[in-house]
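What follows is a set of notes on a single structure, which appears directly below.
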Amino acid sequence: MAVSAEARVESVEVAGARIELLRGGQGRPVVWLHSVEGNLGWLSHQQLLAEQASVYAPSHPGFGASARPPWLETVADLARFYLWFLQTLELERVSLIGHFLGGWLAAEMAVMCPHIVERLVLVDAAGIKPREGEIADIFLLGQEETRRRSLLNASPEYQQLFPPEPTPAQQELQARNQEMAARLCWKPYMYDPSLPHLLPRLRVPTLVVWGAEDAIVPLECGRLYQQAIPGARLETLAGCGHLPHIERPEAFAQLVGDFLR
């Protein structure tokens, strides 16, 4: 995991589990919730957001160097865990940004405890089952094919994050992250049947961001999120697949930064 000089590595104990955390910037707190590939480090879009906010980027329990409490088995469990995480850090009100699994997690946290969420940003988020298309089965596809389908344009940052020949240590970390992702997301696959019925209770300013050419989570899911959350806004980023924050980090950070302001 790459760590910029602008960020610092911290750890915090929550529910008896030691959680790895990257932190940088100053201002109102923003929590970045990563996806199934784990915490990729302090990336350029996070640094750009940290110019106006205090950005927290934890590694989920069971991912990276973070421990998993034995009771944590579902995304709902993970959402409850993160509410405890915020309490431990004495963060009473935060903006949540989440990608794919992280977006699903952010939505679950918001419906569980709306008053702690100042603003909500869902990026190519799982959590809602599409009515017509389907969310690609990343476990069946495997990591290499999933990454190939995720990306429309290979940015320099992507090439650094996912080298064609990972080291044994990188392979071991990828396997651990994949195992935890499967534990959380397998049944039902990548959605919560109750979530669409709970989202209308939100009165939280919400931005839904989608790569216009996402081949993993169909844009239909973005529209369903927008329709379910009162006042939500949907923005698509052209020239992007499933990873708009990595494919077009400056455009992504500009869009999200303007929304957070």
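Rule-based calculations on the coordinates, nothing more; no lab input. All of these numbers come straight from a predicted model, not from anything done at the bench. As a convention, Cβ positions derive from the backbone with ideal geometry for all residues, glycine included, and neighbour counts pool all protein chains shown.
Around LEU105, with a cut-off of 13 angstrom between Cβ atoms, what is the net charge of the other residues, counting Lys and Arg +1 and Asp and Glu -1? Let's see the in-between values first.
Details: positive: ARG80; negative: ASP77, GLU108, ASP192.
Overall, the nearby charge balance is -2.
Projected onto the charge dipole of the chain (+1 at Lys/Arg Cβ, -1 at Asp/Glu Cβ, origin at the Cα centre), which of SER194, HIS45, PHE139 gives the Cα projection farthest towards the positive end?
Final value for the positive-end residue is SER194.
Arrange the peptides 34-42, 95-103 so that the one whose residues have, on average, the most other Cβ atoms within 10 Å appears first.
Listed from highest to lowest mean packing, they are 95-103, 34-42.
Assigning unit charges at the beta carbon (Lys, Arg +1; Asp, Glu -1) and nothing else, what dipole magnitude in debye, to the nearest 20, does the chain show about its Cα centre? Can you show the working numbers first?
Details: 22 positive and 30 negative charges, 132 e Å.
With Lys and Arg at +1 and Asp and Glu at -1, about 640 debye.
Could I have the simple spin-label model distance between GLN159 and SER11, label points 7 Å from Cα toward Cβ, reported in nm to one decimal?
3.5 nm
Run the Debye formula on the Cα coordinates of the chain, all scatterers equal and no solvent, and tell me log10 I(q)/I(0) at q = 0.13, 0.15 1/Å.
For the chain at q = 0.13, 0.15 Å⁻¹, log10 I(q)/I(0) is -0.77, -1.08.
If I stretch the segment between TRP186 and GLN171 completely, what's the gain in nm (0.36 nm per residue apart, minus their alpha carbon distance), one decimal?
My answer for the length gained is 3.3 nm.
Placing +1 on the Cβ of each Lys and Arg and -1 on the Cβ of each Asp and Glu in the chain, which of ALA7, PRO230, PHE85 has its Cα farthest towards the positive end of the resulting dipole?
Farthest towards the positive pole: PRO230.
Report the antiparallel proportion of the DSSP beta bridges in the chain as a percent, rounded to a multiple of 5.
30 percent
Show me the ranking of peptides 204-211, 218-225 by mean Cβ neighbours inside 10 Å, starting with the highest.
Packing order, densest peptide first, comes out as 204-211, 218-225.
Let me spell out the model: positive unit charges on the Cβ of Lys and Arg, negative unit charges on the Cβ of Asp and Glu, origin at the Cα centre of the range 139-254. What dipole size does that give, in debye rounded to 20?
The calculated dipole for the range 139-254 is roughly 520 debye.
I need the peptides 58-65, 141-148, 173-180 ranked by packing, meaning the mean over residues of other C-beta atoms within 10 angstrom, with the highest value on top.
58-65, 173-180, 141-148
Would any residue of the range 222-241 have its amide N under 12 Å from a label point 7 Å out along Cα→Cβ of ASP258? List them or say none.
It comes to 235-236, nothing else.
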